[in-house]
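Let me begin by presenting the structure, written as structure tokens, before commenting on it.
The values are calculated or read from the model by the stated rules, or taken from the named source; none is laboratory data. Note that the structure is predicted; figures quoted are calculated from it, not measured. Note: ideal-geometry Cβ built from the backbone for every residue, glycine included; neighbour counts use all protein chains shown. Note: accessible area is taken over every heavy atom of the protein model, side chains too, but ligands, DNA and RNA are not part of it. Shrake-Rupley method; radii C 1.70, N 1.55, O 1.52, S 1.80 Å.
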Amino acid sequence: MIAIDQIILILMIALRITGLFVAMPIFGATRYSPVLKFYLSVGFALLMLDHVKFDHSLIEGSYMVIFLASFKELSIGLAMGYVLRVIFVVVTMSLELAGLQMGFSMANMFDPQSNSQISVLAQLGSVLAVLTFFAAGLHSQLFVVVEKSFQIIPIGIPEGQFGMFMLNIGNLLKQTFILAFRLALPVTLLMVSIQLVLGIIARTAPQMNLFFNLAMSINIFSGLALIYFGLPHFLSVFRQFTSQMAAHGFGMW
């Protein structure tokens with residue numbers, strides 16, 4: 001028969017993993033049932049049961065102590081999941097900015113990952129990010145990070161180390177947005193250059209206004225060509241950035 005301390009330990013582990021599944025991309029999509037996410041969390045909690053240390057004094061505390069500890073575990077899981085989601089935003093935001101300059105913002109579609117409307121290029125980036133994530137084997141590193149997180153921030157840890165975790169998340173968000181703008185910069189500069197050339201032509205030869213009916217086509221084809229040739233490097237940078245963040249526990253250490 002399972003003891004009460006093992007039940008509480010399984011609950012604490014499952015809550016952290018549940019928060020991760022709810023917030024992270026792929027598993028966090030609304031098309032997956034919350035019941036399925038909970039069962040998966042309990043299954044992984046049973047697998048990690050022998051690898052997680054537990055403060056047995058937690059059982060001797062009041063129900064409020066157990067509730068606060070449960071809320072804390074869920075918050076850590078949600079924080080890790082949203083950090084991973086923000087890392088995926090590197091790809092979608094970069095191509096969203098590129099598509100905005102190319103004129104693709106006029107054609108949006110629904111993205112089940114973010115539960116919002118995004119451009120066609122951003123949807124393509126979302127799919128490529130997921131495929132790159134699995135192709136690089138980062139999904140296996142994810143559960144290694146979760147297991148190690150119980151060593152860095154174990155159940156019942158003082159709040160000081162959790163505050164350091166939140167500070168690391170802030171630095172990670174800054175690096176993510178900087179990288180997204182850097183990846184979108186080549187297409188943005190190309191679009192600005194094209195518009196500059198067309199503007200000079202319009203000032204020097206107004207009789208060529210008929211030519212500007214092709215301006216949208218020029219933007220689209222030149223932008224797609226640049227993305228096509230730069231996509232391998234683009235995804236390689238994303239894979240290296242994600243691997244680096246996984247090695248640092250998505251901001252936990």
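Set the Förster distance to 45 Å, then compute FRET efficiency between V127 and E147 from the Cβ-Cβ distance, nearest 0.05.
Numbers: r = 29 Å, r/R0 = 0.64.
After rounding, the FRET efficiency stands at 0.95.
Can you list residues whose amide H is under 5 Å from G103's amide H, if they're 5+ apart or on another chain and H is modeled 1.01 Å from N?
Residues meeting the amide H criterion: none.
Would you calculate the separation in nanometres between label points at L185 and T204, each defined as 7 Å from the Cα along the Cα-to-beta-carbon direction?
Output for this residue pair reads 2.9 nm.
For a label point 7 Å from the Cα of I26 along Cα→C-beta, name the residues of region 227-245 whose backbone N is under 18 Å from it.
Answer for region 227-245: 235-245.
May I ask you to derive the FRET efficiency for L46 and A247 from their Cβ-Cβ distance with R0 = 22 Å, giving the value to the nearest 0.05? Present the calculation step by step, with values, prior to reporting the outcome.
Details: r = 27 Å, r/R0 = 1.21.
For L46 and A247, the calculated efficiency is 0.25.
Between R239 and H139, with labels modelled 7 Å along Cα→Cβ, what's the label distance in nm to one decimal, could you check?
Between R239 and H139, the simple spin-label model gives 1.6 nm.
Using amide H atoms built in the peptide plane, which far-off residues or other-chain residues are under 5 Å from H248 H to H?
Correct list: empty.
Not counting ligands, DNA or RNA, and with a 1.4 Å probe, what is H139's accessible surface area in Å² rounded to the nearest 10?
70
Could you work out how much longer the chain between D5 and L167 gets when fully extended? Use 0.36 nm per residue separation minus the Cα distance between them, nm to one decimal.
55.1 nm
Return the sequence-ordered ³J(HN,Hα) values of region 238-244 in whole Hz as given by the Karplus equation 6.51 cos²θ - 1.76 cosθ + 1.60 applied to θ = phi - 60°, using x for Gly and Pro.
Karplus values, whole Hz, x for Gly and Pro: 5, 5, 5, 5, 5, 5, 5.
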